[in-house]
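Peer 1: Dropping the structure in here first, questions after.
The values are calculated or read from the model by the stated rules, or taken from the named source; none is laboratory data. It should be emphasised that the depicted structure is a prediction, and the values quoted were computed from it without experimental measurement. We place every Cβ from the backbone using ideal geometry, glycine too, and count neighbours over all the protein chains shown. SASA here: full protein model, heavy atoms, side chains in, ligands and nucleic acids out. Shrake-Rupley method; radii C 1.70, N 1.55, O 1.52, S 1.80 Å.
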Amino acid sequence: MQILITSARHERCAALADYLAQFHEIRLTERAHVETAHEFVLSALGHDRSTNLLTRGMDAIIHAVEPLPDEDVSAQLDAATRCTYNLLMAAAQEGVSQVVLLSTLELMADYPAGYRVQETWRPLPRTQPPTLTKHLAEQVSREFAREGSLGIKILRLGEASNDTVAVAVGEALAEPASLAAKHRSREEGGAEAWSITHIGERA
């Protein structure tokens, strides 16, 4: 399988690339240059042919929506919305079969401590990154799933090791869409190819 991983500068994404490279062909991308042993493509994730070329030939995309160092809130919001839209549009046009979006369990942090929060519960996003940016990226991805353009799996990450996350991502990539449906959000009763799985514990 050929897999594109975004946010290559982020430590978790670098570790994920090293793990998945044991089994798959990996391409990394970021909006700034990154030194890596893996194939790397610099991309601003713009609404142009370069993003199509970035996704061309990929079987799957792992989109992490992580900020660059010293990036202000406005730029982070732009990356989570416009850049995510551009990436997913290119992926749909290029026939990418599945997308795994790495979100955060901080979206559920405002539920009372001790509650066992389920994937079907409505998120409670705060107004600052990273919870707001992750939430916006989730909503952009859901629109593509509703249109039937892409199958998208959301992994909301809590307190979990890089190894745990890597195994969860590997399982998500291997899991047929019919099985992913058991985790599907029933937030609005939809039956689109859009699923949520919680990994780890809330902080």
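Peer 1: Residue 139 fails exactly one of the following numbered conditions: (1) touching a residue at least 12 places away in the same chain (Cβ under 8 Å); (2) within 17 Å of the chain's Cα centre (by Cα); (3) under 22 Å from residue 13 (Cβ atoms). What is the number of that condition?
Peer 2: (1)
Peer 1: Has region 74-91 got any residue that is on the phi < 0 side of the Ramachandran plot, open to solvent by 40 Å² or more (accessible area, probe 1.4 Å) and over 18 Å from the mean Cα position of the chain (by Cα)?
Peer 2: Looking for residues that are on the phi < 0 side of the Ramachandran plot, open to solvent by 40 Å² or more (accessible area, probe 1.4 Å) and over 18 Å from the mean Cα position of the chain (by Cα), one finds at least one in region 74-91, hence yes.
Peer 1: Taking the condition within 17 Å of residue 136 (Cα to Cα), among the hydrophobic types (A, V, I, L, M, F, W, C) and touching a Cys at 6+ places or on another chain (Cβ under 8 Å), does residue 64 pass?
Peer 2: Yes; evaluated as a whole, the condition is true for this residue.
Peer 1: Which pairs turn up if I take residues in region 145-166 that are closer than 17 Å to residue 120 by Cα and in contact (Cβ under 8 Å) with a residue 12 or more places away in the chain and look for partners that are charged (D, E, K, R) and buried (at least 21 other Cβ atoms within 10 Å of the Cβ) with beta carbon separation below 7 Å, at least 6 apart in sequence or on another chain?
Peer 2: 154/138
Peer 1: If you take the residues of region 78-136 that are among the aliphatic types (A, V, I, L, M) and under 12 Å from residue 202 (Cβ atoms), which of them is modelled with the lowest pLDDT?
Peer 2: Only one residue tops the list, namely 113.
Peer 1: Looking at (1) touching a Pro at 6+ places or on another chain (Cβ under 8 Å); (2) more than 29 Å from residue 171 (Cβ to Cβ), which one does residue 67 not meet, given that it meets all the others?
Peer 2: That leaves (2) as the condition not met.
Peer 1: Among the residues of region 1-56, what is the count of those that are in contact with a strand residue (DSSP E or B) (Cβ under 6 Å, 6 or more places away or on another chain), among the polar types (S, T, N, Q), within 18 Å of residue 173 (Cβ to Cβ) and part of a loop (DSSP other than H, G, I, E, B)?
Peer 2: The number of residues fulfilling the criteria is 1.
Peer 1: Please find, among 151, 200, the residue that is small (Gly, Ala, Ser), at pLDDT 90 or above, closer than 30 Å to residue 49 by Cα and open to solvent by 20 Å² or more (accessible area, probe 1.4 Å).
Peer 2: 151
Peer 1: Scan region 48-73 for residues that are touching a residue at least 24 places away in the same chain (Cβ under 8 Å) and surrounded by 14 or more Cβ atoms within 10 Å (Cβ to Cβ) and report the count.
Peer 2: Of the residues in that region, 16 qualify.
Peer 1: Oh, and also: Across region 95-128, what is the number of residues that are under 21 Å from residue 46 (Cα atoms) and either part of a helix (DSSP H, G or I) or open to solvent by less than 50 Å² (accessible area, probe 1.4 Å) (or both)?
Peer 2: 6
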